[in-house]
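Read through the structure below, which is laid out as structure tokens, and then see the notes.
The values are calculated or read from the model by the stated rules, or taken from the named source; none is laboratory data. This structure is a prediction, so every number in the text was calculated from the model and none was measured. Don't worry about glycine lacking a Cβ; one is built from the backbone with ideal geometry, like all the others, and counts go over all protein chains shown.
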């Protein structure tokens, strides 16, 4: 058994076309979606500092204490609105991160220079790691937002 359904141009009445226009308008403004994503990333960065690595645990420091938190500047730079935070929206894309210069060296997977003894100068301590759970959670954020936009567009008619 099979069911067939065909959509023909005559099926699109004026009201439905108006709803589609409203949905298109709602889906072209990503500011709210990007704020939700940035808030999620902010939470994950906080978690990285608390757990000292979410996926790969950070190598310990020689001096002990909380890793990457001596001054608190790097940790604070991942808080939305802080002086060293990056959160920019440009049309259909966003940037989120830290302006703290040494942060990029901890995040990077680039090979590190070695000390005279052969060890790395700066171990990798990734703050923003993209784990499987993040993919699932970010897809959920996107789906929820898209459904809300659809609902708003349908209410505008």
**OP:** Tell me which residues, restricted to region 85-98, are without any contact (Cβ under 8 Å) to a residue 60 or more places away in the chain and surrounded by 13 or more Cβ atoms within 10 Å (Cβ to Cβ).
**Re:** 85, 86, 87, 89, 96, 97, 98
**OP:** Please indicate, with yes or no, whether at least one residue in region 106-123 is surrounded by 12 or more Cβ atoms within 10 Å (Cβ to Cβ), in contact with a helix residue (DSSP H, G or I) (Cβ under 9 Å, 6 or more places away or on another chain) and modelled with pLDDT of 90 or more.
**Re:** no
Subject >> Subset of region 63-84 that is in a loop (DSSP other than H, G, I, E, B), touching a helix residue (DSSP H, G or I) at 6+ places or on another chain (Cβ under 7 Å) and in contact (Cβ under 8 Å) with a residue 40 or more places away in the chain - its residue that is surrounded by the most Cβ atoms within 10 Å (Cβ to Cβ) >> reply: 78
**OP:** Considering only region 47-62, state which residues are exposed (fewer than 12 other Cβ atoms within 10 Å of the Cβ) and part of a loop (DSSP other than H, G, I, E, B).
**Re:** 56, 57, 60, 62
Subject >> Enumeration of residues in region 126-157 that are farther than 12 Å from residue 37 by Cβ, part of a helix (DSSP H, G or I) and without any contact (Cβ under 8 Å) to a residue 12 or more places away in the chain >> reply: 132, 133, 135, 136, 143, 147, 148, 151, 155
**OP:** Please state which of the following conditions residue 87 fails to meet, knowing it meets all the rest: (1) closer than 30 Å to residue 149 by Cα; (2) at pLDDT 95 or above; (3) touching a helix residue (DSSP H, G or I) at 6+ places or on another chain (Cβ under 7 Å).
**Re:** (2)
